[in-house]
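Quick note: the coordinates plus some simple rules give every number you see, no bench work behind them. The model shown is predicted, which means the values in this text are computed figures rather than measured ones. All Cβ positions, glycine included, derive from the backbone under ideal geometry; neighbour counts span all protein chains shown.
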Amino acid sequence: MSVVERREAEAGRGGARAVAVASSIARFLVIAITTYIGLLAVTFFIGRVIPIDPVLAVLGDRAPANVVERTRREMGLDLPLVEQFYIYVKNALNGDFGTSVLTTNPVMTDIRRAFPATIELATLGTLIGSVIGVPLGVLAAVRRGSIIDQVVRIIGLVGYSVPIFWLGLLALVLFYAKLQWVAFPGRLDVVYEYTFTPITGFFLLDSLWQRQWDVFYDAFRHIILPASLLGYFSLAYVSRMTRSFMLNELAQEYIVAARAKGLSETRIIWGHALRNAAVPMVTVIALSYAGLLEGSVLTETVFSWPGIGLYITNSLQNADMNAVLGGTIIIGSVFIGINLLSDLLYRVLDPRTKAG
């Protein structure tokens, strides 16, 4: 093959790769936009079919009829349903979810204040679940059928079966009421609520940055129990999936070849099998993190944790549907984003998907 032909072939391959990358990005954007529009559609119609009149939720049951009608027109509820949905989508894309009846603040303002608490709790829970769950899953796969394997599987089964609010109440009775190892439910003691000024809303990071060690210690004593509880449920999922992935890798031919070459078992397990299993584990941990973000409602309620889960719960109890739907959209958007990001990372990290 001549030099010119070789260059033309390389250019053709480069153009094909560029087209493939552009096509993949386009599919990614279409999926993200379609899923988000679907989320908005679901929340919109939920808000219209529930037996709660948003006008009466604002004005009360004793409001005069003329005031009710005027407010209904001001809120756009007299418009055709299609036009209402268009306005709803436009406002949601601009971050406008209306005003909270409960707090009288814009819903987005309340979410900005509450969501960092949920992120901090879910992040620490995911770290606990991953740091403990991955080694447990590896150990269970290596010692398949042993007592260790059975114990790890029972831990996972309990994590999936036991209601989280029940475990939370038991944990409070044991570690707070009896042993007094942790602080009272909440995020900070009252003595620090008016003296500590957070920067980002993440109390652990903010107290470290400001070198307020007493605040950091107090915030840690408040977060460690609910984070450990969420971490346990993350551990149950992560350990089970790690075990499954490791069993699949340990049955591959390259493991047999590595043993035939005389490589140590430690290097085979941790240097080869786990490295290959780590690619799908990225998706597992990302989905576990997203699950903790959206599923921490009961945990935040039990531990009085001022996150978005407790915010939605209190809003629902007070028929504050703007806040409920706004919080649902934010959590759903984060879940969609993490899901799509994990899928993208899987494609980047796994060479087999690149080849496909």
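Tabulated data
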quantity	calculated
Whole-angstrom gap from segment 317-344 to segment 279-307, using each part's C-alpha centre	12 Å
R0 of 30 Å, Cβ-Cβ distance Val131-Arg27: FRET efficiency to nearest 0.05	0.30
Translational diffusion coefficient (Stokes-Einstein; Kirkwood radius from C-alpha pairs) of segment 212-309 at 25 °C, 0.890 mPa s, in µm²/s	152 µm²/s
Most to least packed among 318-326, 141-149 [average Cβ atoms within 10 Å]	318-326, 141-149
Inter-label distance, nm, simple model (7 Å from Cα along the C-beta direction), Leu316/Tyr217	3.8 nm
Bins of 10 Å from zero: percent of alpha-carbon pairs in the chain	5, 18, 23, 23, 17, 9, 4, 1, 0
Ratio of the Cα radius of gyration of segment 55-94 to 2.2 N^0.38 Å, where N counts its residues	1.33
Relative packing of peptides 172-182, 338-348 - highest average C-beta neighbours within 10 Å first	338-348, 172-182
Hydrodynamic radius (Kirkwood) for segment 104-206, which is based on Cα pairs only, to one decimal in Å	17.1 Å
Part-to-part distance (alpha-carbon centres) for segment 108-173 and segment 180-242, which is given in Å	16 Å
Listed peptides 232-238, 157-163 by packing density, highest first (mean Cβ within 10 Å)	232-238, 157-163
Phe202, Phe165, Phe245 arranged by Cβ crowding within 10 Å, fewest neighbours leading	Phe165, Phe202, Phe245
Efficiency of FRET from Cβ geometry, Arg347 and Tyr254, R₀ 22 Å, rounded to 0.05	0.50
Calculated FRET value between Asn66 and Leu93, using beta carbons and R₀ = 45 Å, to 0.05	0.85
Phe45, Phe97 arranged by Cβ crowding within 10 Å, fewest neighbours leading	Phe45, Phe97
